[in-house]
Each structure stands twice: as structure tokens, then as C-alpha cells.
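The structure appears right after this line, and notes come after that.
No value in this document is a laboratory result; all are computed from the given coordinates. Quick caveat: nothing in here was measured; it's all calculated off a predicted structure. Note that we place each Cβ from the backbone using ideal geometry, even for glycine, and neighbour counts take in every protein chain shown.
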Amino acid sequence: MKAALSVLGTKARLSFEPKGVCLIIAPWNYPFNLSFGPLVSALAAGNSVIIKPSELTPHTASLIGSIIREAFSVDLVTVVEGDAAVSQELLTLPFDHIFFTGSPRVGKLVMEAAAKTLASVTLELGGKSPTIIGPTANLKKAARNIVWGKFSNNGQTCIAPDHVFVHRSIAHDFHKIIMEEVTRVYGKDFEAQKKSPDYCRIVNDQHLNRLYELIGDAKSKGAKILQGGEIDALDRFVAPTIISKVTPEMDISREEIFGPLLPIIEYDDIDHVIKQINDNAKPLALYIFSEDKEFAQDIVGRTSSGSVGINLSVVQFLHPNLPFGGVNNSGIGSAHGFYGFQAFSHEKPILLDRFSITHLLFPPYTGKVKRLISMTVRYLS
């Protein structure tokens, strides 16, 4: 590293050292990816790891345990299965770093536990990631990207478009185009969508009931179901659902949806949309669809989010050389590639003296030394 004038004559470098014993708490929505992704970063940085997979996906958790036991010695990587009580017990242990993916509510509990031992944390959380469609947007491209990003994994994706703001001048056309895209991808009706090999199910009855209540609350307060809305409780199936006439007092406007329900909100003034975004917690992602570069850049400059996708959705997660993470309520720290390695490392600065003259400024502060200090301050300023 290049030396500043104030430390002329020294040589500096950074040494990346492992943080130590790390805990990875993985979520249920992408249990394999979000166990092994952080594990690669942790091992690359030289750490040992305990993985706690989600109890809501027990078959995947069992598979993860089998792979880890076959591939690693128990003192390097260990999988601990169990329910929330097991996670709570693990969080009492003095880990050097904790990597958690999940909800902001649980993220606060993880951070509180980490504070007791001053463990560092990486928190990948969530929030209501907004999508803005400007008046110049390519509506077919926007619909294609939103349908894929929203309904993949049945909407159970932390960076899925949560809700869509569409300019009133193009709202009617967008409604038509996005419904056609849903039909093209997943089928023309309830039965066809249930048979689609490309459409997932809700993870458990608790989340199914939560989505059922969101639909019911929205309808009771005046929302209109443009498409979908059907539920098969036995199959834990929720149809891809497009909702219009959504208002702020509806639960669907306040809660992270985390399911295949897409509210569409019409707007006239982009300033109002930006204010609404900024009045809420900072989201994990923000998506903008527009052919007007200045329009998109203005929104980027006046909002804060973990990441931004322009004329695409979710794909930023796949970029190997970009950091992935949130900001404040949507997360702390980053993952992926070098940034994941960095998260699990302590960056230790090392400074080596070669021909430094800083000793000339040491006490006793004689007149000569004071004059030299004064000259140095004037020169450096």
C-alpha cells in the first residue's frame, strides 16, 4: 500500500486472518444455497463453522448434514439440527462471527445475542422491496422480469419484488400485459397452474394461513383481485395473484408479503412514490423499469436500499463480483465473492519501518523539535 507523507519511510500491508469459530444460521426459503454459500466464504477465510439449517425444511437439513459429515471433519464443519430452541442455545455460545439470514425481527434477536460476547455479525434480512415502472418502460420486458422475480419459489424470496408502483398513464396496459405473462408462464387457470412443474408451494400451513389472511384483509378493504386469488389448503397452493386498488391501510401494504401476491399501485407523481419508500424501512432491493436513464438515476439518488436492479429483477444476487446485503432494517454487512471472504476475515494492518523519520518528532520537545513539528504541520496541511 502506498504510504502517506505522514508515514513516509514505512511499508504497509493488510493481512487477512480468520475470525475463528463461526455460526451460520440458514433460512427455510433457500436452505441449501444459503447454507453452502456462506460456508464457502467462511472456509476460504480459514474459519471453522457450525451450520444451523432451518427446521422448517427438515429433509434438506438432513441432506445438508449428510453432505457435511461425508466431506469435512467434525472439528472443521458441523451441522446442528433442531428447532428454534436449538438456535437460541447456540446463540449463547461465544462465536467469533455469526452469519444469519432471515427476518428483521429475528435478526434483532441474533444481534442482541451477539452483543453479549461482542461477536461480529452479518445479517441478511428482508423488507418490502418496491418496484417502480416509469412512463417510458418497456412493459413486456418489465412484466417478464417481474413475473419471474416475484413468483419464482412461490414468492418466497427475500429480494422478490414485493409491490409495484406503475404510472397511471400505462397502468391499464401493464395490467393486461402482466396477466398475459402469468398465463404464459404458469398456465391459463387454477387447474393448469396447479399442474405446472415450474410453480412451487408454500412452505407450511402457518405461512399459507398468513397469505390467506392478507388476501382477505385486502378484499375487505376494497382491493380488487385482477388475477388469481385461489388457494388449495391441502396442497398448500396459492395461485399467482395480481391485486389492484391497494391502499396504505391494508395489511398487504405494511407487511412483507413473502408469497405469490403482487399488489399494483398506480401513481401520478414520482416524488410521492419516493416519499412513500423513504418513509418506510430501507428495503433489501429496489427495482426500476424505465427507458429514461435520468428518471432511473434520480430514483437511485433519492432512495436507499441494499441493491438496485434497473430493467431486471433478482439477477443482482447472481452477480459474482457484486456485494449482496442490506442496509439497516434489511441487513448489515455483505456476502458473495470477495465480500463474503471479507465478512469472515479480520483485516489486520501491518506497518513495517524502513527509513521512517518520525522519531525526529518524539520528545523531549526542544525548540528544534517544536520548529520541526511546526514545519511538518504546515507542509502536510
Going through the stretch 1-110, which chymotrypsin sites (Phe, Trp or Tyr not before Pro) have at most 15 other Cβ atoms within 10 Å and a DSSP loop state?
PHE32
Stokes-Einstein D for the chain (37 °C, 0.692 mPa s, Kirkwood Rh from Cα pairs), in µm²/s, comes to 140 µm²/s
Proxy exposure order for ASP353, ASP217 (fewest C-beta within 10 Å first) is ASP353, ASP217
Please list the three semi-axes, largest first and in whole Å, of the ellipsoid equivalent to the stretch 137-194, using sqrt of 5 times the eigenvalues of its alpha carbon gyration tensor.
20, 15, 9
Among DSSP beta bridges whose residues both lie in the chain, state the antiparallel percentage, nearest 5.
35 percent
Could you list ASP271, ASP298 so that the one with the fewest beta carbons within 10 Å of its beta carbon is first and the one with the most is last?
ASP271, ASP298
Over the stretch 130-318, what is the mean sequence separation of C-alpha contacts under 8 Å (at least six apart), divided by residue count, expressed as relative contact order in percent?
30 percent
Taking H placed 1.01 Å from N in the peptide plane, check which residues at least 5 places from VAL166 or on another chain put their amide H under 5 Å from its amide H.
ILE133, ILE265, GLU266, TYR267
Can you give the Kirkwood hydrodynamic radius for the stretch 94-143, in Å, rounded to one decimal and based on Cα pairs?
13.4 Å
Compute the convex hull volume of the Cα atoms of the stretch 330-374, divide it by the residue count, and report the result per residue in Å³ as a whole number.
167 Å³
Can you work out the Karplus-derived ³J(HN,Hα) for every residue in the stretch 323-332? Use 6.51 cos²θ - 1.76 cosθ + 1.60 with θ = phi - 60°, whole Hz, and x for glycine or proline.
x, 10, x, x, 9, 6, 4, 9, x, 9
Summing +1 for each Lys or Arg and -1 for each Asp or Glu, what net charge is found among the other residues whose Cβ lies under 11 Å from the Cβ of ASN278?
+1
Spelling it out for LEU286: with amide H atoms placed in the peptide plane at 1.01 Å from N, the residues 5 or more places away or on another chain with amide H under 5 Å from its amide H are SER307, VAL308, GLY309
So what's the angle, to the nearest 10 degrees on a 0 to 90 scale, between helix 293-302 and the longest Cα principal axis of the chain?
70 degrees
What does the charge add up to near THR10, with Lys and Arg as +1, Asp and Glu as -1, over the other residues with Cβ less than 9 Å from its Cβ?
+1
What whole number of Å gives the distance from the Cα centroid of the stretch 302-378 to the Cα centroid of the stretch 62-130?
26 Å
Which of PHE190, ALA160, SER244 sits closest to the plus end of the dipole of the stretch 130-318, meaning its Cα is farthest towards the positive end, when Lys and Arg get +1 and Asp and Glu get -1 on the C-beta?
PHE190
Hey, can you grab everything whose amide H is under 5 Å from the amide H of VAL77? Only 5+ residues off in sequence or another chain; H modelled, so Pro and N-termini drop out.
VAL49
Place +1 on the Cβ of every Lys and Arg and -1 on the Cβ of every Asp and Glu in the stretch 130-318, take the dipole about the Cα centre, and give the residue among ILE270, ILE299, ILE202 whose Cα lies farthest towards its positive end.
ILE202
How are the C-alpha pair distances of the stretch 130-318 spread across 10 Å bins, as whole percents from the shortest bin up?
9, 39, 38, 12, 1
Cβ-placed point charges (K, R +1; D, E -1), dipole of the stretch 20-124 about Cα centre in debye, nearest 20
200 debye
I'd like the Karplus ³J(HN,Hα) series for the stretch 264-277: coefficients 6.51, -1.76, 1.60, θ = phi - 60°, whole numbers in Hz, and an x wherever there's a Gly or Pro.
10, 10, 7, 9, 10, 10, 5, 4, 5, 5, 4, 4, 5, 5
Quick one: pull the percentage of alpha-carbon pairs in the stretch 20-124 with a separation above 23 Å.
17 percent
Compute the long axis of helix 171-186 from its Cα atoms, compare it with the longest principal axis of the Cα atoms of the chain, and write down the angle in degrees, 0 to 90, nearest 10.
90 degrees
Using each residue's phi in the stretch 136-148, evaluate 6.51 cos²θ - 1.76 cosθ + 1.60 at θ = phi - 60° and report the 3J(HN,Hα) Karplus result to the nearest Hz, with x for Gly and Pro.
9, 5, 7, 5, 5, 5, 4, 4, 4, 6, 5, 4, 5
Per principal axis, largest first, the Cα atoms of the stretch 236-362 extend in Å by 73, 38, 29
Net charge around THR136, counting only other residues with Cβ within less than 11 Å of its Cβ (Lys, Arg = +1; Asp, Glu = -1)?
-2
